[in-house]
1. All but one of (1) in contact (Cβ under 8 Å) with a residue 60 or more places away in the chain; (2) more than 30 Å from Leu174 (Cβ to Cβ); (3) of a type in the set (Val, Ile, Thr) hold for Val287; state the number of the condition that does not hold.
2. Go over the candidates Val125, Val83, Val159, Val77 one by one and state the one that is within 25 Å of Thr273 (Cβ to Cβ), out of contact with any Leu (no Cβ under 6 Å at 6 or more places or on another chain) and either modelled with pLDDT under 95 or among the β-branched types (Val, Ile, Thr) (or both).
3. Under 7 Å between Cβ atoms, at least 6 apart or on separate chains: pull out the pairs that start in region 134-152 with a residue that is within 20 Å of Ile38 (Cβ to Cβ) and assigned to a loop (DSSP other than H, G, I, E, B) and end on any residue that is of a type in the set (S, T, N, Q) and modelled with pLDDT of 95 or more.
4. All but one of (1) more than 27 Å from Ala347 (Cβ to Cβ); (2) without any contact (Cβ under 8 Å) to a residue 60 or more places away in the chain; (3) over 25 Å from the mean Cα position of the chain (by Cα) hold for Thr248; which doesn't?
5. Would you tally the residues in region 340-373 being under 27 Å from Val228 (Cβ atoms), surrounded by fewer than 17 Cβ atoms within 10 Å (Cβ to Cβ) and within 17 Å of the chain's Cα centre (by Cα)?
6. Pick from Glu100, Glu118: which is of a type outside the set (A, V, I, L, M), surrounded by fewer than 22 Cβ atoms within 10 Å (Cβ to Cβ) and assigned to a helix (DSSP H, G or I)?
7. Listed residues Val267, Val260, Val232, Val236; which is surrounded by 13 or more Cβ atoms within 10 Å (Cβ to Cβ) and either free of Cβ contacts under 8 Å to residues at least 40 places away in the same chain or touching a helix residue (DSSP H, G or I) at 6+ places or on another chain (Cβ under 7 Å) (or both)?
8. Within region 156-169, identify whether any single residue is of a type in the set (S, T, N, Q) and under 30 Å from Arg8 (Cα atoms), and answer yes or no.
Amino acid sequence: MESYRGARTALIVGAGMAGLTAASAMARRGWQVEVAEIGPAGATAGWGLCLTGPSLRALDELGLADLCLAAGYGMSVITQVDVDGGLAAEVRLPRLIGAERPAMVGMARPALYRTLREQADRCGVVVHHGLTAAAVDQEGEQVRVQMSDGTVRRVALLVGADGIRSSVRRLLGLETSVEYHGQMVWRALVPRPPWATGIHQFAGKVNTAGLVPISDSQAYVFLTENGVERSVLPDVELMPRLWQLLETFPGRVEEVRSLVTGPTSVVRRPVLTAFLDGAWNRGTGVVIGDAAHAPAPQMASGAALAIEDGAVLAQELDRHTSIGAGLDAFVSRRAQRCRTLVETSVAIADLEQAQRHAEAYPLVDACHRQMAEPA
């Protein structure tokens, strides 16, 4: 790092999982990091998520894995249930942070955000809300970034961690398409049934449903609605429609359906994916997380890729004598791994829509094992 000519200054756009992980990992290595987040403080989308083994492994390096395990619900098994309510398959996930700790954790999104934000604060990262990048120019070894409030930052490194619709990706001139896959995913916060000690996924005759514990007392139910146009429904229609979609499932889904009681607990989002072919960096700017690679939710690994990105970016910047070389190494190290996850998630989504669930189960198992390899 001593061969960098200027100060180790970085502006990260986006205070999500990728952005906050990168901010803390870089600050621990001596970078002066500022984060700009367009949303208000504490705002999160959705109810919960899974931190699979790769994300726990990366968080363990930051000393955060046990905090996440304490705030969430530790699990090691995905149970697949067939259309008749019988056991179809079990995926036993690799325990990457020790045999005595779970393979993954279900966690409320606000709890994860607080954990990552508090770590960033401890590392001296400065986070601004209601702010984003408006224009970008490379000036020698620095990036000049005009912010949405008219102020200007000149930094050694710009990181776009601002999601699938990344404005930084566009400002850097990096183009990719965002694909809709004919699926809308529903999620609702419910009390955790005593039998729900791992992820349960239920194949239906048309759609797919499931349950993910996120604490001792809470879980979220999800339903993947197949073969539908992308649309927005009025809030008042969400709970009745979810009830209607869930009533076609037998067995334990009937119990889960009865737990969906509050209209404000239901969200509905399109299944979108993106993958940035070629370079993810230009000059001393780079995009990470969903801005570079956004998988479908079927592998429950979008968070893992985003958190890994933040940790690996800091590692590669530390290993190389220039920012450009560090960014090239980062992209080289991450591109194929992330492509595999995105493409596998899309393949599983396609199999779900074709009602070929038995072909999807081994894909899930094989991909989780591949992702267990070093990042």
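1. For Val287, the failing item is (2).
2. Val159
3. So the pair list comes out as Ser148/Thr132.
4. With respect to (1) more than 27 Å from Ala347 (Cβ to Cβ); (2) without any contact (Cβ under 8 Å) to a residue 60 or more places away in the chain; (3) over 25 Å from the mean Cα position of the chain (by Cα), Thr248 is out only on (1).
5. 1
6. Answer to the check: Glu118.
7. Numbers: Val267 fails: either free of Cβ contacts under 8 Å to residues at least 40 places away in the same chain or touching a helix residue (DSSP H, G or I) at 6+ places or on another chain (Cβ under 7 Å) (or both); Val232 fails: surrounded by 13 or more Cβ atoms within 10 Å (Cβ to Cβ); Val236 fails: surrounded by 13 or more Cβ atoms within 10 Å (Cβ to Cβ).
Criteria check complete, one pass: Val260.
8. Yes: one or more hits.
The values are calculated or read from the model by the stated rules, or taken from the named source; none is laboratory data. Quick caveat: nothing in here was measured; it's all calculated off a predicted structure. Here the Cβ is made from the backbone with ideal geometry for all residues, glycine too, and neighbour counts use every protein chain on show.
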